[in-house]
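Undergrad: Sharing a structure below in structure tokens format, with a few things to ask.
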Amino acid sequence: MSLIRKTGVTSLFFYALFSLTGIGAASSKDQTDGSDNIPSYLTAGKIREHAQQFFESFDSVQVRMRSKQALTFVDVRNSNEYASSRIPGSINIPLFAVKTKRFLKSTPVVFVNRGFNYTGLEQECRRLKSAGFNDVSILIGGLANWKQKGAPIKGDYFEHQELNKISPDDFFAERNYKHLAIVNVCHQGKDDSAFLTPRAHFIPYKGKAEGFLNRLKEISKNTQEDPLSSVLICNANGDYPKKLEKLVQSGGIRNTFYLKGGLEAYRVFLRRQVDILRANGTKKIVKGCRTCP
């Protein structure tokens, strides 16, 4: 489950999220996007790294399954997503509720989501370890990589094709992690695209493969050595040509995702966060939240 996706989430939950993702308090010195007045601490931040000891590869999971280990796949996405596409035999539990399922203490648990947003999963692994859950891990690449490897998936075939589409809130949670390469493929970059995604590489896609795939491979090669590496492709409106997706797939670039709704949807998401902070008169981000899951 995304850290921000909960319906009816309170503003206090957002405060805690901002603190956990390294976002500082707003001040008069913060840079803003003039058209939307989005402060820079929402679009950029300190580069972070995930703790790899909590992660497990597809191959490692397959070895454990072949050795007859009783793995429990816990899918933490919302119930609709789970119903549409899931690993056979997996169970659906919201991430915040896992700690209440005491039966999971006695079985190896492998967390599953789409395979892009690891932030909440890693934080929960730390909490569960402290609570006595000895064998918890996160499936690298999640369900998207499971599908790419040709492993069985139950559900709606057409929904399976959307597993590599990432929501703006998931992107927000992962935007500052070292393993992520962000690629802007707009024909013409907007003036504020560099502000919205300051770490993005700009590689215009004009319907031809000439040079595009080579540049994409060059950008992604540094992260491909990292097992957690992924590539997020974005454009202005989230309308990605099938020809583009097939081209990227042909290049063998693993863990490639696409931003739903493109940069415009991400801008709308950021505006909402600004509105929440303003509505509550926030002058300083609250450090921690004891009531948050």
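Undergrad: Taking interchain pairs and intrachain pairs at least six residues apart, which have beta carbon atoms under 9 angstrom, with the first residue in the range 51-64 and among the polar types (S, T, N, Q) and the second open to solvent by 30 Å² or more (accessible area, probe 1.4 Å) and modelled with pLDDT of 95 or more?
TA: Sorted first by the residue in the range 51-64, then by its partner, the list stays empty.
Undergrad: Kindly evaluate Asp170 against the criterion of being of a type in the set (Asp, Glu) and in contact (Cβ under 8 Å) with a residue 24 or more places away in the chain.
TA: In short, yes.
Undergrad: Are any of the residues in the range 61-70 surrounded by 14 or more Cβ atoms within 10 Å (Cβ to Cβ), over 17 Å from the mean Cα position of the chain (by Cα), at pLDDT 95 or above and within 23 Å of Glu162 (Cα to Cα)?
TA: Scanning the range 61-70 turns up no residue that is surrounded by 14 or more Cβ atoms within 10 Å (Cβ to Cβ), over 17 Å from the mean Cα position of the chain (by Cα), at pLDDT 95 or above and within 23 Å of Glu162 (Cα to Cα).
Undergrad: Restricting to the range 71-92, give me the number of residues that are open to solvent by 60 Å² or more (accessible area, probe 1.4 Å) and of a type in the set (S, T, N, Q).
TA: 3
Undergrad: Taking Val110, is it among the aliphatic types (A, V, I, L, M), modelled with pLDDT of 95 or more and buried (at least 20 other Cβ atoms within 10 Å of the Cβ)?
TA: yes
Undergrad: Here's another thing I want to ask about it. Does Asp156 satisfy the criteria of being of a type in the set (Asp, Glu) and crowded, with 22+ Cβ neighbours inside 10 Å?
TA: When the stated conditions are applied, Asp156 does not pass them.
Undergrad: Right, another one. Does the range 132-144 contain at least one residue that is surrounded by fewer than 17 Cβ atoms within 10 Å (Cβ to Cβ), out of contact with any strand residue (DSSP E or B) (no Cβ under 7 Å at 6 or more places or on another chain) and either part of a helix (DSSP H, G or I) or at positive phi (or both)?
TA: yes
Undergrad: Could I ask something else about it? Among the residues of the range 159-170, which ones are surrounded by 22 or more Cβ atoms within 10 Å (Cβ to Cβ) and touching a Gly at 6+ places or on another chain (Cβ under 9 Å)?
TA: Residues satisfying the conditions are Leu163, Asn164, Pro168.
Undergrad: Follow-up. Taking the range 52-99, which residues are closer than 13 Å to Gly142 by Cβ, among the hydroxyl-bearing types (Ser, Thr, Tyr) and in a strand (DSSP E or B)?
TA: Ser85
The values are calculated or read from the model by the stated rules, or taken from the named source; none is laboratory data. These figures come from a predicted structure and were not determined experimentally. Neighbour counts run over all protein chains shown; Cβ positions are idealised from the backbone, glycine included. Side chains included, ligands, DNA and RNA excluded: accessible areas come from the protein's heavy atoms. Shrake-Rupley method; radii C 1.70, N 1.55, O 1.52, S 1.80 Å.
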